[in-house]
1. Residue-wise, which Karplus ³J(HN,Hα) couplings in Hz belong to the range 17-25, taking 6.51 cos²θ - 1.76 cosθ + 1.60, θ = phi - 60°, and x for glycine or proline?
2. Would you be so kind as to identify which of A106, S71, T87 lies farthest towards the positive end of the dipole of the chain, taking Lys and Arg as +1 and Asp and Glu as -1 on Cβ and the Cα centre as origin?
3. Taking the Cα centre of the chain as origin and charging only Cβ (+1 Lys, Arg; -1 Asp, Glu), how large is the dipole, in debye to the nearest 20?
4. I'd like the Karplus ³J(HN,Hα) series for the range 106-113: coefficients 6.51, -1.76, 1.60, θ = phi - 60°, whole numbers in Hz, and an x wherever there's a Gly or Pro.
5. Residue by residue through the range 90-104, which ³J(HN,Hα) values in whole Hz follow from phi under the Karplus form 6.51 cos²θ - 1.76 cosθ + 1.60 (θ = phi - 60°), with glycine and proline marked x?
6. Counting pairs of alpha carbon atoms under 8 Å apart in space and at least six apart in sequence, what relative contact order in percent does the chain give?
7. Using the Cβ atoms and a cut-off under 15 Å, what net charge is assigned to the surroundings of W44, where Lys and Arg are +1 and Asp and Glu are -1?
8. Please list, ordered by chain and number, the residues whose modelled amide H lies under 5 Å from the amide H of D98; skip anything fewer than 5 residues away on the same chain.
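The values are calculated or read from the model by the stated rules, or taken from the named source; none is laboratory data. Treat the numbers as computed from the prediction; the structure is a model and nothing was measured. Methodologically, a virtual Cβ is constructed for each residue, glycine included, from the backbone with ideal geometry; neighbour enumeration extends over all protein chains shown. These area figures cover heavy atoms from the full protein model, side chains too; ligands, DNA and RNA do not enter into them. Shrake-Rupley method; radii C 1.70, N 1.55, O 1.52, S 1.80 Å.
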Amino acid sequence: MEARLSKLVDSAPYGKRDDALFLGEMNRLTEHHLAACDEYARVWPDWRHAKSVEELPYLHVGTFKWINFRSGGKDVKHERTLLSSATTSGMPSRIVLDEKSSELQAQSSLAILADFVGNSARP
């Protein structure tokens, strides 16, 4: 699974989309989170593989203000919690990242920044 994730992260952030690769990865990730997070499984109890990107399950960002979605498992270490600014409600959304997700989030943020400013060193 990690190789496919790396391939997606290594793609140009605003380049041509590979919906088939994305759909396959999202179906695998959804299965993982359904099995590893009771709260997520309660939201999507009857979920079946999506046949298109439009069929993928989604959660409104506000859901993360009230429910702590945290996928666990053997050898999963949760490293960071991303918090929203909470400007509208005063209550931040919380997204808990495990070690691998934290690494992928950093890689994707760097790829987006590099797309805007380039990869060369700046003074």
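1. 7, 10, 4, 5, 5, 4, 4, x, 5
2. T87
3. In total the dipole reaches around 200 debye.
4. After applying 6.51 cos²θ - 1.76 cosθ + 1.60, I find 5, 4, 5, 5, 5, 5, 5, 4 Hz.
5. x, 10, x, 6, 10, 10, 8, 10, 7, 4, 5, 5, 4, 4, 5
6. For the chain, the relative contact order is 25 percent.
7. -2
8. Hits under the 5 Å cutoff: E79.
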